[in-house]
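The values are calculated or read from the model by the stated rules, or taken from the named source; none is laboratory data. Everything numeric in this text was worked out from a predicted model, so none of it was measured. Don't worry about glycine lacking a Cβ; one is built from the backbone with ideal geometry, like all the others, and counts go over all protein chains shown.
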Ligand code: GLA
């Protein structure tokens, strides 16, 4: 920590000081390897003294410099982005937060939650800072409660989940940007003085153009195994904002939370506003470690049934789109059985009678089976699947409505649209006004009917194909700026009710590809659809991006007919995540079918390593013409490696790849699996046995003489 230039105004010195505050009271928020040390200054304000690797001697925490105020308020002396800025009932735009109380609780055996209560000495406003520290996973979850004790409504102009301060020589931001069918593209840049913001204003979904997650490297750009790095993500299925601001002294503040854009929130008297959680993990040893931390945390504490297995499904969307009938579906169910999949998933196009859903222009909102297509309804399809020895799942998009629907005709006041302006369509549809509790009930009842009436239903794909635009909630009247937030809060309410009734039904979250990819949604969903783009070359990059934050059992990857690559390449790419199929099985050659049947068997053998093992990214597609990654199980007895050659040239010089995460003492047999019938392995060292030490220091020659663009291999390693 450098000493700052103290030519500051006296008031500013309250906020920024390098002096040792040895007699201040410390609050240590610690995991096994990380510490966030706060302290209470003599003036009663709370400061962040330290964030980083846990100090070996706890006594050192007492001599840390005071640092920056932990949750800076707007309207007082600070001149940069505040964490909170409110307008009181009397119009006063300021807030001062003074320490009142601290509580430490243990919500579960693995975590400790510290709650710091701050109060304004002049106004009855309380702000509770929550920090939940997950010891073994080295993850901290931070959120804030704002309690309005005033007699009237206050306005929350800014209401961050978390504010964190850094003092490094330089800062490097890794962000993930994209578009439809182009999700999670990684971009790295050095931060400069001033502001950099990453945000979204899409309403119904967290992301599309920018994703709600980032890596922040300190002093130098981190790599997989070295460098100081923090991974952060906001658990919010709506507008987010990450604000990075580097001040005149090269200090950085990171303010994370709901995007305050068009969202000055009216909080009624006596009410408490709880922000979403900002989840972060820090490591001094590179980004591979923070990914593994987040994966373990997500499986253990966040994702619905995160430690349970997933179903391999066959979807009909790419094969039929909207054109199917009972007979066609019957055939696809037979294909699912033939393939060895666990489930058949019926996608869009099964509903609507007055306005049947024969394309994407009609039917959304009318969730009754189309009689002409499915005369015997879903009940029959569930029964058929059961009779064939498979399971049945179904697609639904319950938050949306087509203007061509009975729902639109009956309830025009249930729809988000501006009065006095033309309706604005996106995929020919509109968003229901979920801020209205009646609409939330409709969404819940739709789901409850569908699931309740069909007890054999084994899977749901919940879609959300449009963002919000031209916003106006007929329900919210003079509280329009609560819309973005209330929509999401009511969505969570519906999901909570649904999960109370149907706790373990697997549900995939989809949003026109991967646009609802956040950890609050994943509390209710078992997995998410990563992208509508299933071209495996693109998918390598997309899945690489997600792998930084999400465990592989949540990242749904399907083998389809997109891309010109071999079926083997498509399958190997899909196998690094949660494998599924969306392909016309009847068009497969006998070899392709045999290969796919064996691939599913291989996947079932290896899936516990892929889903629950530790991920090591070995060669990045952003740095080479190939991508290599591996998973190792908890006892280091089994590992599986995926090797994807991208636009590689045949005589390109590629090194052996050194493995990671193995037990150096153990001996591992290395075998290439997932080969087309009759094909030979490309792994030069196939079938040999090496020590973990050798594999990690010398590595494997993954391609031998068979270097070719768009080829791949899967290597299984078994301790002997
Ligand atoms: C979205 C999804 C697709 C498919 C279609 C159906 O685009 O991402 O997977 O379900 O909707 O309309």
message = Can you find a residue that is touching a strand residue (DSSP E or B) at 6+ places or on another chain (Cβ under 9 Å), within 16 Å of the ligand (Cβ to nearest atom) and either touching a residue at least 12 places away in the same chain (Cβ under 8 Å) or farther than 25 Å from residue 145 by Cα (or both) anywhere in the range 253-267?
response = no
message = Scan the range 215-223 and tell me whether some residue there is within 15 Å of the chain's Cα centre (by Cα) and within 17 Å of residue 549 (Cα to Cα).
response = yes
ask   = Is there a residue being over 20 Å from residue 347 (Cβ atoms), part of a loop (DSSP other than H, G, I, E, B) and away from the ligand (no atom under 14 Å from the Cβ) anywhere in the range 536-549?
value = yes
message = Can you find a residue that is without any contact (Cβ under 8 Å) to a residue 24 or more places away in the chain and surrounded by 21 or more Cβ atoms within 10 Å (Cβ to Cβ) anywhere in the range 50-63?
response = yes
message = Looking at the range 196-226 only, could you name the residues that are buried (at least 19 other Cβ atoms within 10 Å of the Cβ) and in a strand (DSSP E or B)?
response = 198, 210, 211, 212, 213, 214, 215, 216, 217, 218
Residues satisfying the stated conditions in the range 244-282, i.e. under 22 Å from the mean Cα position of the chain (by Cα) and within 22 Å of residue 168 (Cβ to Cβ) = 244, 254, 255, 256, 278, 279, 280, 281, 282
request  = Mind listing just one residue for me: the one in the range 344-365 that is within 12 Å of the ligand (Cβ to nearest atom) and at positive phi and, of those, surrounded by the fewest Cβ atoms within 10 Å (Cβ to Cβ)?
outcome  = 349
inquiry  = Checking the conditions here, which among 532, 572 is in a loop (DSSP other than H, G, I, E, B), touching a residue at least 40 places away in the same chain (Cβ under 8 Å) and out of contact with any helix residue (DSSP H, G or I) (no Cβ under 7 Å at 6 or more places or on another chain)?
reply    = 532
note = The condition of being over 29 Å from residue 292 (Cβ atoms), away from the ligand (no atom under 16 Å from the Cβ) and free of Cβ contacts under 8 Å to residues at least 24 places away in the same chain holds, among 498, 483, 476, 489, only for 489
message = Of everything in the range 512-527, what is farther than 21 Å from residue 185 by Cα, in a loop (DSSP other than H, G, I, E, B) and more than 16 Å from the ligand (Cβ to nearest atom)? Give them in sequence order.
response = 520, 524, 526
task = With the condition kept exactly as written, say whether any residue in the range 640-652 is touching a strand residue (DSSP E or B) at 6+ places or on another chain (Cβ under 8 Å) and under 23 Å from residue 300 (Cα atoms).
result = yes
key: Residues being within 34 Å of the chain's Cα centre (by Cα), assigned to a loop (DSSP other than H, G, I, E, B), at pLDDT 50 or above and surrounded by fewer than 18 Cβ atoms within 10 Å (Cβ to Cβ) - total across the range 1-49   = 1
message = Here is a list: 655, 645, 625. Which entry is modelled with pLDDT under 95 and on the phi < 0 side of the Ramachandran plot?
response = 655
Check on residue 315, buried (at least 20 other Cβ atoms within 10 Å of the Cβ), farther than 20 Å from residue 446 by Cα and within 12 Å of the ligand (Cβ to nearest atom) = yes
